[in-house]
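A short write-up of the structure that comes next.
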Amino acid sequence: MEFHNQVVLVTGGGTGIGKEVARRFLGEGAKVVINGRRQQVLSETAQELDPSGERIAISRGDIGEVETAQRLVKTAVERFGGVDILINNAGIFKPTPFLEHTESDFDRYINIILKGTFFSSQIAIAEMVKRGKGAIVNVGSMWANQAIGATPSSAYSAAKAGVHALTRNLAIEFATHDIRVNTVAPAVVETPVYGTFMSPEEVQQVLPSFNSFHPLGRNGQPTDVVEAIIYLASDRASWITGAVLPVDGGVTAGRQAA
């Protein structure tokens, strides 16, 4: 088992990509702490992924608050003895025209996506330094690299661009501690996030229209992103740090001929 007895933290671990990456780490022998804002969702996910409860723990709270990041790491240390890997996955997404953004929703994007990644990383790295090794994989976004007219996302994109920049800075600063920091940058991935601003009927109608947006001809699935995360977190990627890896069906490579 590739991650036998390693301790993994996953923010936004109750649903979508976070849930699937927690499932994979558990399947590879890891001990996992999942974070999210909804206690019931976390409890149901934990029960589904590890009914015994022996190798999974939950830490509820808004990751945009530093105290939540502190509790997350404290839970890992007290329950499993330390921190080996951090997956910064928590986020929000709702396409919004620039002139309609309010200060409060701008703050939510920055707090959950950028501030949450910043302080979760800071607190986790302090524990990784004690281990003499560690890995962080952030979930960034294609939208940090390209603006898409159909999905105006200025605040989201700005926050994710901050995550990309933070990735490179932390990779350099902590390379001498053998702590690697990388990011995956997905395009359209079919997760429950779209149900936060569209009805089930709208999701069913709208998402398939994005298949052709990707040169490979289909939207991503959580497992597509999880495979990249698992690789970057593993020792197979021991000479990779500071990378922002597109996991986007070819979108940022270019465009097919009309």
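Quick notes
- Between VAL189 and GLY220, the built amide H atoms are under 5 Å apart, and every one of these is 5 or more places off in sequence or on another chain.
- Computed from backbone phi with θ = phi - 60° and the Karplus coefficients 6.51, -1.76 and 1.60, the 3J(HN,Hα) list for segment 23-32 is 4, 5, 4, 4, x, 9, x, 7, 10, 10 Hz; x is used for glycine and proline.
- Value of relative contact order over the chain, rounded to a whole percent, pairs C-alpha under 8 Å and six or more apart: 18
- Between ILE56 and VAL32, the built amide H atoms are under 5 Å apart, and every one of these is 5 or more places off in sequence or on another chain.
- Counted charge near LYS94, where neighbours are those whose Cβ lies closer than 15 Å (Asp, Glu -1; Lys, Arg +1): -2
- Placed amide H near ALA90: partners under 5 Å, 5+ positions off or other chain: THR11, GLY12
- The loop-placed GluC sites (Glu not before Pro) in segment 47-88, going by DSSP, that have at most 13 neighbouring Cβ atoms within 10 Å of their Cβ come out as GLU54.
- Rounded to the nearest 20, the size of the Cβ-charge dipole of the chain about its Cα centre is 420 debye, with Lys and Arg at +1 and Asp and Glu at -1.
- Note on the chain: Lys pairs 8 or more places apart or on different chains, Cα atoms under 20 Å apart, count 10.
- The loop-placed trypsin sites (Lys or Arg not before Pro) in segment 1-63, going by DSSP, that have at most 13 neighbouring Cβ atoms within 10 Å of their Cβ come out as ARG38.
- Across segment 172-187, rounded Karplus estimates of 3J(HN,Hα) from the backbone phi angles (6.51 cos²θ - 1.76 cosθ + 1.60, θ = phi - 60°) give 6, 5, 10, 4, 5, 9, 6, 10, 9, 10, 9, 9, 9, 10, x, 8 Hz, Gly and Pro being marked x.
- Per-residue HN-Hα couplings for segment 55-67 [Karplus 6.51, -1.76, 1.60; θ = phi - 60°; Hz; x = Gly/Pro]: 10, 9, 9, 10, 9, 7, x, 6, 5, x, 9, 4, 4
- Here segment 201-221 and segment 118-163 have alpha carbon centers that stand 24 Å from each other.
- Loop-located chymotrypsin sites (Phe, Trp or Tyr not before Pro) in segment 147-231 (DSSP state other than H, G, I, E, B) with a sparse environment of at most 10 neighbouring Cβ atoms within 10 Å are absent.
Any read-out appearing in this document is the output of simple, stated calculations on the displayed coordinates, not a laboratory observation. Everything quoted here is computed from the prediction, not taken from an experiment. All Cβ positions, glycine included, derive from the backbone under ideal geometry; neighbour counts span all protein chains shown.
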